[in-house]
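The values are calculated or read from the model by the stated rules, or taken from the named source; none is laboratory data. Bear in mind the structure is a predicted one, so any value in this text is a computation, not a measurement. Cβ placement follows ideal geometry from the backbone for every residue including glycine, while neighbour counts extend to all protein chains displayed. Note: areas computed on protein heavy atoms with side chains; ligands, DNA, RNA excluded. Shrake-Rupley method; radii C 1.70, N 1.55, O 1.52, S 1.80 Å.
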Amino acid sequence: MVKKGATRPRVYARVRPMFGRDAGKDPLFSITDHSLSYVKEAGGEVSQFNMDRVFGMESTQEEVYATIGDTAIQTLRQGFNSTIMAYGQTGSGKTFSMEGQKDERGQYTSRGLIPRLFDGIFESFQGDETVKSFKVTLQFIELYNEQLQDLFGKRKVLDVTMDPTGGYRCKDAVAHDVNSPAEALKVYGDGCKQRATASTKMNAESSRSHALLIVNVAWSKEKEKSFAQLNLVDLAGSEGMKKTGATGANAKEGIKINLSLTKLALVVKCLSEGASHVPYRESKLTMMLQKGLGGNNMLHIILALSNSTEQIAEGTACLRFGQSCLNMTINPNANAVEKEQAEMRAVIQEQLTEIADLQSENEKLKRELDERKTKETEVPDFLIAKHIALNKDALSEDLKEADEQINELKRALEEKRKEKERLAAAGDGDAARGRLRPPYPLSVSLFPLLRPRPGSKTSLPHASVHFQVSPFNV
Ligand code: ADP
Ligand code: MG
């Protein structure tokens with residue numbers, strides 16, 4: 001059920017005329033404006049699929065544009081992003097609907113949605129007097145073998161990054177500003193020439209890659225500025241491997257194409273069932289389409305179908321995918337609001353950075369203060385000098401005392417020496433040596449010299465100087 005304020009994707013089917021490989025085959029579908037039905041076997045059950053609109057074999061590019069393109073431009077003008085995506089097996093008309101048909105010289109023989117949208121966008125903004133200025137920018141990205149490449153940037157491999165609004169984007173993709181529909185078409189045409197194509201049984205011109213054309217429009221009016229993005233997606237063929245007969249490198253491509261489409265189907269299934277976790281990150285395709293699929297975007301899906309009974313399996317798979325899409329819920333938001341939120345996030349981020357800067361400055365100041373304190377506990381030379389000057393008298397007294405002590409020791413030793421000589425003369429050498437062994441080493445502490453004296457203005461930390469007094473010659 002669709003929640004209040006939410007909507008669902010628009011799903012359309014377009015059935016290709018029966019020429020080429022379908023020529024002379026039995027038609028599969030019974031078509032009305034809003035439904036497709038068919039029977040699998042004669043006399044069997046009827047399968048019916050209801051769509052927002054079904055474009056039959058005779059449908060024109062004008063009709064398709066009038067239904068899908070016009071809506072996309074209206075929503076774009078209101079500041080909503082839109083994604084238009086073509087899904088289906090190779091050769092079923094995806095590129096025909098998205099781009100159109102060109103002759104050998106590259107001239108359009110039939111114009112699809114993209115060239116018409118270029119016209120529509122410029123007409124719409126140029127024809128509005130309230131629009132003061134507007135800018136149209138194009139990016140063209142291809143997903144080939146699970147690798148994103150820039151079709152405007154010599155197929156440079158691109159990284160996917162998250163933007164401030166939580167969506168994925170290719171930040172480094174070349175963005176071309178275009179000033180007219182003709183210039184847009186020229187730039188787009190140059191990008192198309194870069195697309196990876198290879199021949200398979202299904203379609204000699206078949207594209208084996210997904211192509212994403214991003215049209216960004218930014219505009220300003222008297223009192224408001226806004227922007228919107230249009231994503232135009234031409235997906236690669238959804239057919240199974242057996243049917244294409246692809247081998248080797250082509251088979252490898254096929255596996256990756258199918259893998260990203262399988263992941264796309266899985267994401268759509270999760271979204272239609274309201275799953276709490278949607279595995280966008282499992283393929284680059286779903287990452288790039290995240291915003292288009294997960295809401296905040298108007299989503300239009302064109303199911304491209306062949307009408308031949310031989311293509312019944314692919315047709316059924318395609319219609320089932322469309323059915324899942326119809327059950328998805330999306331919540332489009334106008335970009336003005338989205339922009340506000342992004343700006344708010346940027347302000348918060350700026351403030352957080354400022355807080356972090358202030359914190360680290362605070363830490364630095366604390367460290368400097370601690371260092372200064374440590375230095376202060378070391379007694380500087382000038383303080384020692386001051387201490388000595390202030391306590392000069394007391395210190396010289398101490399020195400005198402120390403002198404007297406030394407002299408006394410000298411006298412005592414002199415006496416001992418004389419006694420030894422006397423004993424030696426009396427023939428008792430050993431006894432004399434034993435008694436004379438002095439208490440080596442003799443040490444005189446001068447600590448009292450530096451201790452604070454009463455009345456002294458300075459105080460010194462604990463420090464002591466020891467003079468080793470060598471034993472006098474004995
Ligand atoms: P896809 O991109 O799905 O592989 P294409 O768009 O290349 O298929 O279509 C295959 C061929 O069928 C192309 O030659 C294309 O011009 C043609 N074609 C597809 N749809 C239509 C249509 N509705 N009317 C006329 N020709 C069509
Ligand atoms: Mg194609």
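Structure notes:
- Test set (1) touching a residue at least 24 places away in the same chain (Cβ under 8 Å); (2) surrounded by 15 or more Cβ atoms within 10 Å (Cβ to Cβ) - residue 158 fails condition number: (1)
- Those residues of the stretch 74-93 which are within 16 Å of ligand 2 (Cβ to nearest atom) and of a type in the set (Gly, Ala, Ser), in sequence order: 86, 88, 91, 92, 93
- All positions within the stretch 27-56 that are of a type outside the set (Ser, Thr, Tyr), over 16 Å from residue 316 (Cβ atoms) and either in a strand (DSSP E or B) or over 39 Å from the mean Cα position of the chain (by Cα) (or both): 33, 34, 42, 43, 53, 55, 56
- Scope the stretch 109-134; condition exposed (fewer than 15 other Cβ atoms within 10 Å of the Cβ) and within 11 Å of ligand 1 (Cβ to nearest atom); matching residues: 109, 110
Here's the yes/no breakdown for (1) on the phi < 0 side of the Ramachandran plot; (2) open to solvent by 30 Å² or more (accessible area, probe 1.4 Å); (3) in a helix (DSSP H, G or I); (4) in contact with a Phe, Trp or Tyr (Cβ under 8 Å, 6 or more places away or on another chain):
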site	(1), (2), (3), (4)
58	yes, yes, no, no
66	yes, yes, yes, no
71	yes, yes, yes, no
80	yes, yes, no, no
106	no, yes, no, no
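- Subset of the stretch 135-152 [farther than 14 Å from residue 285 by Cα and either polar (S, T, N, Q) or open to solvent by 20 Å² or more (accessible area, probe 1.4 Å) (or both)]: 135, 137, 139, 152
- Residue count for the stretch 20-39 under the criterion of being within 16 Å of ligand 2 (Cβ to nearest atom) and either modelled with pLDDT of 90 or more or of a type in the set (S, T, N, Q) (or both): the result is 0.
- Leading residue by the ranking (farthest from residue 239 (Cα to Cα)) among those in the stretch 289-320 that are touching a strand residue (DSSP E or B) at 6+ places or on another chain (Cβ under 6 Å) and open to solvent by 10 Å² or more (accessible area, probe 1.4 Å): 298
- Taking first residues from the stretch 13-29 that are farther than 20 Å from residue 63 by Cβ and partners that are within 16 Å of ligand 2 (Cβ to nearest atom) and modelled with pLDDT of 90 or more, the Cβ contacts under 6 Å between residues at least 6 apart in sequence or on separate chains come to 22/306.
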